[in-house]
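Asker: I am attaching a structure below and will ask some questions about it afterwards.
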Amino acid sequence: MAGSLDGIRIIDLTTVVLGPWATQMLGDMGADVIKIETPSGDTTRHTGPRKTPTMGPLFLSANRNKRSVVLDLTSPEDRQALFRIVETADVLVHNFRPRVMEKLKLDYSEFRDRFPNLIYCATYGFRKDGPKANDPAYDDIIQAASGLADLQTITSDQPRYVPTVMADKTTAFNVVSAILAALFARERGAGGQEIEVPMFESLVDFVMVEHLFGAVFDPPIDQMGYARLLNTMRKPYATTDGYLAVLPYTDDNWRAMFKIAGREDLQADPRFSNLASRVQHSEEIYGFLEEIVATRSSDEWVALLREANIPVQPVLTKEALLEDEQLKASDFWKFEDHPTEGRIRMTDPPIRFSGTPSSIRRLPPLLGEHTEEILREVGFEREGNEEPTCT
């Protein structure tokens, strides 16, 4: 069966993680994604352990269901090739800073009149109408700027980065939802439009959902920061042989927890009688959890808490996820034979559609693997009929 975005063509001018992962998600949903790369290729092609010089693991993880075309966008001929490809497209996505696209004469004004139905999505560090519009931005930079790094001082002696590309991946979800919304609006007659998806504003929005707190009111009526999440005792708890995430949440959960722990006396304690009071006394209640969880093994606790319907999960390592029973049962890890990289592991598209399923149709492409194929499709012939660059 065809995917949800079957028949939609997306021109991907992005690099690193944010844009490529977003367009991979759209490709998984059935879109025809054409990845436009410089002659040196996406920088992630050259990162990490490799069998082939331009096929690094980060690139392999964020660029399936795409075809690769090499163009030098400073070349007048290659710029014309890009415009010819865009003629056949529904969406163009880039992650260049605004002034870079203006210099290349590839900002939205160059496309608006010529392609009125084109959805043009720009994703970069900061909104273009602010003083930081042209500041360089990578994940670490945005984690620092958005307050996310400062939040780590709760459990550390200084600001620290979350050890995953949180800013890139959070913004990638915004890119996907924005493009889908724009495509839906176009179906209703709105035509094409420009979309701006900035990393900084996306992450501030992400962080402030719970941490705006008292500053929701103007003037503020309390401090910023959701106390339960800023509690140093909020953490996985040590058992006799490992660590568990244990989170009694509802009043029924806590009554059951106190009973299992042999502390029924705490059920009548006004500090712990309802959610509001537990939030006020989160340090004490989490301290109780830490103390009691340390008295049994992980397996004992998992059996007891699952029987009582109290949320619990073991803390898994990266390596353990490769053998996790849930992921195995749901067929999450996919294995494919890549023509140059051999057997590779990929994640299954996590969202399931009953009628228009997502799928892995193309493996990550070699650099420039589809240049001549795409140029022939759009009827563009280069001078000298150059061969594609495949490395």
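Values quoted throughout were computed directly from the atomic coordinates according to the rules given, and no laboratory measurement underlies them. Model, not experiment: these values are computed from the prediction. We place every Cβ from the backbone using ideal geometry, glycine too, and count neighbours over all the protein chains shown.
Asker: Could you state the principal axis extents of the C-alpha atoms in the chain, from the largest down, to the nearest angstrom?
Answerer: So the three principal-axis extents are 84, 53, 43 Å.
Asker: Note down the relative contact order for the stretch 237-314 as a percent, whole number, built from C-alpha pairs under 8 angstrom at least six residues apart. If you can, show how the numbers build up before the last one.
Answerer: Values: 90 pairs, mean separation 37.4, N = 78.
Here the relative contact order equals 48 percent.
Asker: Could you put S202, S298 in order, starting from the residue whose Cβ has the fewest other Cβ atoms within 10 Å? Intermediate values should be presented prior to the final figure.
Answerer: Numbers: S202 21, S298 18.
In increasing order of surrounding Cβ atoms, one gets S298, S202.
Asker: What's the ranking of 60-66, 215-221 by average number of surrounding C-beta atoms within 10 Å, highest first? Can you show the working numbers first?
Answerer: On the way: 60-66: 23.4, 215-221: 10.0.
Ranking the peptides 60-66, 215-221 by packing returns 60-66, 215-221.
Asker: Further, regarding this structure: How long are the three semi-axes of the equivalent ellipsoid for the stretch 113-153, computed from the Cα gyration tensor as the root of 5 times each eigenvalue, in whole Å, largest first? Walk me through the numbers before you get to the answer.
Answerer: Values: eigenvalues 184, 26, 12 Å².
Semi-axis lengths for the stretch 113-153 are 30, 11, 8 Å.
Asker: Please report the Cα spread of the stretch 157-226 along all three principal axes, rounded to whole Å, starting with the longest.
Answerer: For the stretch 157-226, the Cα extents along the three principal axes come out at 50, 33, 15 Å.
Asker: Right, here's the next one. Restricting to DSSP H runs of at least four residues, report the calculated mean residue ellipticity at 222 nm for the chain, -39500 (n - 2.57) per run over all residues, nearest 500 deg cm²/dmol. Kindly include the intermediate steps, with their values, before the conclusion.
Answerer: Numbers: 15 runs with 134 residues, N = 391.
Counting only the DSSP helices, I get -9500 deg cm²/dmol.
Asker: Then there is this: Counting other C-beta atoms within 10 Å, which of T164, T250 has the fewest, and how do the rest follow?
Answerer: On the way: T164 10, T250 13.
Sorted ascending by nearby Cβ count, the order is T164, T250.
Asker: Moving to a separate point now. Would you give the gap between the C-alpha center of the stretch 106-168 and the C-alpha center of the stretch 24-77, rounded to a whole Å?
Answerer: When both Cα centres are located, 21 Å separates them.
Asker: Give the angle, between 0 and 90 degrees and rounded to the nearest 10, that separates the Cα long axis of helix 298-307 from the longest principal axis of the Cα atoms of the chain.
Answerer: Tilt relative to the chain: about 90 degrees.
Asker: Determine ³J(HN,Hα), in whole Hz, for all residues of the stretch 180-194 in sequence, where each value follows from phi through the Karplus function 6.51 cos²θ - 1.76 cosθ + 1.60 and θ = phi - 60°; x replaces Gly and Pro.
Answerer: 4, 5, 5, 5, 5, 4, 5, 4, 8, x, 6, x, x, 6, 9
Asker: Let me ask another. Pull up all non-local amide H partners of H338: gap of 5 or more, or a different chain, and H-to-H distance under 5 Å with H placed in the peptide plane.
Answerer: Distant-sequence amide H within range of H338: R343, I344.
Asker: What are the extents of the Cα atoms of the stretch 237-314 along their three principal axes, listed from largest to smallest and rounded to whole Å?
Answerer: Taking the Cα atoms of the stretch 237-314, the three principal extents are 33, 23, 19 Å.
Asker: Report the residue, chosen from S40, S177, S109, that carries the largest GNM mean-square fluctuation when the chain is represented by alpha-carbon nodes joined by springs under 10 Å.
Answerer: With Cα springs under 10 Å in the chain, the top fluctuation among S40, S177, S109 is at S109.
Asker: Taking 1 over the mean of 1/r across every pair of different Cα atoms in the stretch 246-365, what Kirkwood radius in Å do you get?
Answerer: On the way: mean 1/r = 0.0556 Å⁻¹.
After inverting the mean inverse Cα-Cα distance, the result is 18.0 Å.
Asker: Give the angle, between 0 and 90 degrees and rounded to the nearest 10, that separates the Cα long axis of helix 199-211 from the longest principal axis of the Cα atoms of the chain.
Answerer: 20
Asker: Considering the zone a paramagnetic label at T347 would reach in this model (a point 7 Å from Cα along the Cα-to-Cβ line), which residues of the stretch 8-29 have amide N under 17 Å from it?
Answerer: 16-29
Asker: Can you compute the radius of gyration and Dmax for the stretch 135-283, using only the Cα atoms, both in Å?
Answerer: 20.8, 65
Asker: To continue, here is another question. Just check the stretch 292-352 against the gyration tensor rule for me: Cα atoms, a ≥ b ≥ c as the square roots of the eigenvalues, rounded for a/c under 1.5, and otherwise prolate or oblate depending on whether a/b exceeds b/c. Provide the component values of the computation, followed by the final result.
Answerer: Details: a/c = 4.46, a/b = 2.54, b/c = 1.76.
Prolate, because a/c is 1.5 or more and a/b exceeds b/c.
Asker: When DSSP beta bridges are limited to those with both residues in the chain, what percentage is antiparallel, rounded to the nearest 5?
Answerer: Details: 11 of 34 bridges.
Counting only bridges with both partners in the chain, antiparallel ones make up about 30 percent.
Asker: May I ask you to derive the FRET efficiency for D129 and K169 from their Cβ-Cβ distance with R0 = 30 Å, giving the value to the nearest 0.05? Let's see the in-between values first.
Answerer: Numbers: r = 25 Å, r/R0 = 0.84.
Efficiency, rounded to the nearest 0.05: 0.75.
Asker: Per residue of the stretch 370-382, what does 6.51 cos²θ - 1.76 cosθ + 1.60 with θ = phi - 60° give for ³J(HN,Hα)? Whole Hz please, x for Gly and Pro, Karplus curve as stated.
Answerer: Along the stretch 370-382, the couplings run 10, 4, 5, 4, 5, 4, 5, 4, 9, x, 10, 10, 6 Hz.
Asker: For the stretch 1-84, taking Cα atoms only, what is the radius of gyration to one decimal and the Dmax to the nearest whole Å?
Answerer: Rg, Dmax (Cα atoms, Å): 13.4, 40.
Asker: Now for a separate question. If you wrap a convex hull around the Cα atoms of the stretch 1-158, how much volume per residue is inside, in Å³? Walk me through the intermediate numbers first.
Answerer: Numbers: hull volume 24.8 nm³, N = 158.
Dividing the Cα hull volume of the stretch 1-158 by its residues yields 157 Å³.
Asker: Still on this structure, please answer the following. Can you tell me the length gained on complete extension of the stretch T153 to T52, counting 0.36 nm per residue apart and subtracting the Cα distance? Spell out each step's value before the answer.
Answerer: Values: separation 101, 0.36 × 101 = 36.36 nm, distance 4.06 nm.
Length gained between T153 and T52: 32.3 nm.
Asker: Kindly express, to the nearest 10 degrees and within the range 0 to 90, the angle between helix 251-260's C-alpha long axis and the longest C-alpha principal axis of the chain.
Answerer: 60
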